[in-house]
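The values are calculated or read from the model by the stated rules, or taken from the named source; none is laboratory data. It should be emphasised that the depicted structure is a prediction, and the values quoted were computed from it without experimental measurement. All Cβ positions, even for glycine, are placed from backbone atoms using ideal geometry, and neighbour counts span all protein chains on display. Just so you know, the surface numbers come from the protein's heavy atoms only, side chains and all, with ligands and any DNA or RNA stripped out. Shrake-Rupley method; radii C 1.70, N 1.55, O 1.52, S 1.80 Å.
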Amino acid sequence: MILAACLAALLTGQTLDTVTTVPLLRAGYVEANPFMPSTVGGMVSVKAAFTTGAAVAGWRLRKRHPKAAA
């Protein structure tokens, strides 16, 4: 249950960051994070990959080490 809440918080944070950053990128601003692409498609794909990776790692950890995942 705690893992699901953490993943929901991560997804919410990533979504809010994307929703607030996309209009700025379209207005000509650039991303200050050197690891994040300054294109909308690049940013969305990096965020989706990170969120998916975190979710998969959490669920695998939960199966093998339930106390550590909690």
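Observations on the model:
- Computed P(r) (all Cα pairs; the chain; 5 Å bins; percent): 3, 16, 23, 19, 13, 11, 9, 5, 2, 0
- Degrees between helix 2-26 axis and first principal axis of the chain (Cα, 0 to 90, nearest 10): 10 degrees
- Solvent-accessible surface of the chain, averaged per residue with a 1.4 angstrom probe and all protein chains in place: 74 square angstrom.
- Helix 40-64 axis, angle to the chain major axis (alpha carbon atoms, nearest 10°): 10 degrees
- Taking every C-alpha pair closer than 8 Å and separated by at least 6 residues, the mean separation divided by the residue count of the chain gives a relative contact order of 34 percent.
- Accessible carbon and sulfur surface of the chain relative to its total accessible area, %, 1.4 Å: 69 percent
- Projecting the Cα atoms of ALA55, PRO34, VAL44 onto the charge dipole of the chain (Cβ charges, centred on the Cα centre) puts ALA55 farthest toward the positive pole.
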